[in-house]
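The values are calculated or read from the model by the stated rules, or taken from the named source; none is laboratory data. In this text, all values refer to a predicted model and were calculated from it rather than measured experimentally. With ideal geometry, Cβ positions are generated from the backbone for all residues, glycine too; neighbour counts draw on all protein chains shown. Calculation scope for accessible area: heavy atoms of the full protein, side chains included, ligands and nucleic acids excluded. Shrake-Rupley method; radii C 1.70, N 1.55, O 1.52, S 1.80 Å.
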Amino acid sequence: MLASKDYPYLQVSVTVGNFNSPFRALLDTGFDGHIVLPQALSNQLGNPDFLVKTRFADGGEREFPGYRGDVEVVGLGVVYLARLTLLGDECLLGQGIIKRLKVTLDHGTQIIVEP
């Protein structure tokens, strides 16, 4: 079990090829993908493995670089295979990872996570 008092964020470690970095990831229950990383990482990650078509609230669609990698919620000791999308400037943890965990949102003060 892991308790994060940095509500609504979790610390994650992301690995793509030789790239490995920690991130403060916003728990985003409205995002059905795995994880979004800042678009500024495109030079460090190189050529994408695939493109991710994304639909926005206004109905518009765009494609963004996508990568295969690993995500670890720091402190759980479990690594999850993930599809990573480069978009925007914040790290978002979506349903693709969240649904693999037991997540308790404790009165807006902490997140309790279990594998």
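Results, tabulated for the structure shown:
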{"read-out": "Per residue value of the accessible surface for the chain (all protein chains in place, 1.4 Å probe), Å²", "value": "57 Å²"}
{"read-out": "Overall form of the range 56-115 per C-alpha gyration tensor (a/c, 1.5; a/b vs b/c)", "value": "oblate"}
{"read-out": "Nitroxide proxy distance, nm - points 7 Å out along Cα→Cβ at residue 5 and residue 29", "value": "2.4 nm"}
{"read-out": "Percent of alpha-carbon pairs separated by more than 21 Å within the chain", "value": "34 percent"}
{"read-out": "Kirkwood Rh and Cα Rg combined as Rg/Rh, the range 1-66", "value": "1.00"}
{"read-out": "Set of aspartates and glutamates with alpha-carbon distance to residue 102 below 12 Å, sequence-local pairs under 8 removed", "value": "114"}
{"read-out": "With at most 15 other Cβ atoms within 10 Å, longest stretch of the chain clear of loop trypsin sites (Lys or Arg not before Pro) (DSSP)", "value": "6-98"}
{"read-out": "Most mobile of 58, 70, 89 in a GNM of the chain (Cα contacts under 10 Å)", "value": "58"}
{"read-out": "Heavy-atom accessible surface of the chain: percent carbon and sulfur, 1.4 Å", "value": "48 percent"}
{"read-out": "Within the chain: Cβ-based charge dipole about Cα centre, in debye rounded to nearest 20 (Lys, Arg +1; Asp, Glu -1)", "value": "200 debye"}
